[in-house]
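The values are calculated or read from the model by the stated rules, or taken from the named source; none is laboratory data. Note that this is a predicted model, so its numbers are computed, not measured. Backbone-built Cβ (ideal geometry, glycine too); neighbour counts: all protein chains shown.
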Amino acid sequence: MDVVNQLQRQFIDYSASLHREGFLDDQFTQLQKLQDDNSPDFVVEVASLFFEDCEKLINNMARALEQQQGVDFKQVDASVHQLKGSSSSIGAMRVKDVCIAFRSFCEAQNREGCLRCLQQVTHEYSLLKNKLQTLFRLQQQILAAGGSIPVVE
Amino acid sequence: MSTASLITTWKVRDVVPVPDQFPTSLRVLVVDDDPTCLIFLEKMLRNCSYDVTKCNRAETALLKLRENRNGFDIVISDVHMPDMDGFKLLEHIGLEMDLPVIMMSADDGKDVVMKGVTHGACDYLIKPVRIEALKNIWQHVVRKRKNEWKDLEQSGSVEEGDRQPKQSEDADYSSS
């Protein structure tokens, strides 16, 4: 089988699994559709921005939750709200879902619950980052072999 | 007196440039402190052939609007921002520039949407925003201009009550 076809098949299967396992939702497909000749690296750029932002927000949450004197739950909630917004705009469904639960714990001022969610959100973010890096690597390989990236609906 | 009577004889559609086709180059100012959302919105708006300026702070947005009063046709702003609340920005814009403003948020709670309505937002979009929702934002610009002309028309219509219902346009022009 042609190398390009093989790679494309791999890409399609991998994309499908990411959607099936809930890592990505339809919003990610919308993001891919926006990529065009004017901005050929759009998806990678947005993903990089998202990861940077994620790290910053997770650090903010960790710092706020560490405060022994008294946790400012409003501050934690503000960061979680932002993470929820950016993860939903990129289609990071599992990260977004943790944020929803996280917000309830913030509202209830439950430090233990918040810490558990922080752990979960960190875990989901790392997983997603790895998966997307694999996806982007596949993309690069397809382009290097002279093929085009298939659009997965 | 003559200016007012001239206005009442014009039909709104003669004056307001209502586009026949999809209007391009609508000048949009988009404000959001979330960098991922901001870049996403910018791309979608550019794909709609709009002229986009992006801002990650409400204060900066206000500065840009004040510096260039006629430089934008519409503003799209997030509700939750660290430096200035989106509703405050909405109020300022309403008072100072009177541009149509669309609010956005991941928050779809009824009271937040209501707040948008009562503060004068012309629309409220729930995030994540789709390109389909952005394609038609030009309607808010046209509607606002149409309403402004209607107001002008109605303020001149005090004259109309004194006049005969069927008057030729020539007669009005010559009556200056």
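Considering only residues that are under 13 Å from residue A:149 (Cα atoms), assigned to a helix (DSSP H, G or I) and within 10 Å of another protein chain (Cβ to nearest Cβ), which ones fall in segment A:4-38?
A:33
Run residue B:104 past the list (1) at pLDDT below 85; (2) in a strand (DSSP E or B); (3) hydrophobic (A, V, I, L, M, F, W, C) and report the number of the one that doesn't hold.
(1)
Which pairs do you get when a residue that is within 15 Å of residue A:15 (Cβ to Cβ), found in segment A:118-144, comes within reach of a residue that is loosely packed, with under 14 Cβ neighbours inside 10 Å and aromatic (Phe, Trp, Tyr), reach meaning Cβ atoms under 7 angstrom, with the pair 6+ apart or on two chains?
Every condition considered, no pair remains.
What are the residues in segment B:107-133 that are in a loop (DSSP other than H, G, I, E, B) and of a type outside the set (Lys, Arg), if any?
Listed by number, the residues that qualify are B:107, B:108, B:109, B:119, B:120, B:121, B:122, B:128, B:129.
Looking at segment A:44-53, can you tell me whether even one residue there is assigned to a loop (DSSP other than H, G, I, E, B), of a type in the set (A, V, I, L, M, F, W, C) and crowded, with 17+ Cβ neighbours inside 10 Å?
No; the residues of segment A:44-53 include none that is assigned to a loop (DSSP other than H, G, I, E, B), of a type in the set (A, V, I, L, M, F, W, C) and crowded, with 17+ Cβ neighbours inside 10 Å.
Any chance you could count how many residues in segment B:118-149 are more than 15 Å from the chain's Cα centre (by Cα) and either more than 27 Å from residue A:84 (Cβ to Cβ) or more than 14 Å from chain A (Cβ to nearest Cβ) (or both)?
The number of residues fulfilling the criteria is 1.
Could you say which residue among B:40, B:72 is crowded, with 17+ Cβ neighbours inside 10 Å, aromatic (Phe, Trp, Tyr), over 18 Å from the mean Cα position of the chain (by Cα) and modelled with pLDDT of 90 or more?
Residue meeting the stated conditions: B:40.
Within segment A:66-99, how many residues are more than 10 Å from chain B (Cβ to nearest Cβ), surrounded by fewer than 19 Cβ atoms within 10 Å (Cβ to Cβ) and aliphatic (A, V, I, L, M)?
1
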